[in-house]
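Structure first, then comments.
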Amino acid sequence: MNEPYCYVSDWDFLSTGSSLQIININMRASPSLAGSLPLGGTLSGIVYKNGYVYIVAGDPGIYVIDVSNPATPSVAGTLIAVPATGAIAIDPVRDLLYLGTTDTVGYPNDGLKIIDISNPAAPKIVGTVDLPNWTVGLAYHDNHLFATTADIDPTPTDPSTFQIIMLSGF
């Protein structure tokens, strides 16, 4: 959230449309729509940094949206980083974005992508961390990334795992 705005992904199950909704929450009792942007894909995780919103989407992978003018948001860049799970976190100091992915056939030794966002128009993958299964949750704090993973097709006996990743190498 970037005061006084909140960024929300909107996915319409009845159509093929997804969009970014920018909500003005300056008047807490009566929030209002400040702007929106139609996008493709199935939108999920959203993070904000320095005038840009980074959104996980089924296709193209990640949208980078310039929200410096909330009334007219625009796509600043994209990155194909599939298979993204929707889990996303951002380093508040360095220009790094962390994206949860799946460790599946065709994508072995995966689970987490580390993405350089120093140029929002051209984000690039700078690292991969092997995590088990499907990364379903990410949180960043003080040069540590906290990740929760789960089986893609879980059964009651499949455990979830919790990983703490030291990010000093990036």
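The values are calculated or read from the model by the stated rules, or taken from the named source; none is laboratory data. The structure presented is a predicted model; accordingly, all values stated were derived computationally and were not measured. With ideal geometry, Cβ positions are generated from the backbone for all residues, glycine too; neighbour counts draw on all protein chains shown.
Kindly provide the set of residues from segment 21-59 that are under 14 Å from the mean Cα position of the chain (by Cα), over 15 Å from Pro120 (Cβ atoms) and either assigned to a strand (DSSP E or B) or of a type outside the set (Gly, Ala, Ser) (or both), ordered by number.
The answer is Thr42, Leu43, Ser44, Gly45, Val56, Ala57, Asp59.
Test each condition in (1) under 19 Å from Tyr7 (Cβ atoms); (2) at pLDDT 95 or above; (3) in the same structural domain as His144 (by TED's automatic domain parsing); (4) of a type outside the set (D, E, K, R) for Ala89 and report the one that comes out false.
(2)
In segment 76-85, which residues are assigned to a strand (DSSP E or B) and at pLDDT 75 or above?
Residues satisfying the conditions are Ala76, Gly77, Thr78, Leu79.
I'm trying to understand the selection: among the residues of segment 125-153, which are within 14 Å of the chain's Cα centre (by Cα), under 26 Å from Val75 (Cβ atoms) and at pLDDT 80 or above?
Hits for segment 125-153 are Ile125, Leu138, Tyr140.
Here are the criteria: (1) under 30 Å from Leu37 (Cβ atoms); (2) of a type in the set (A, V, I, L, M, F, W, C); (3) at pLDDT below 80. Tell me which single one Leu97 does not satisfy.
Every listed condition holds for Leu97 apart from (3).
Quick one: in segment 60-70, which of the residues that are of a type in the set (Val, Ile, Thr) and part of a strand (DSSP E or B) is modelled with the lowest pLDDT?
Ile62
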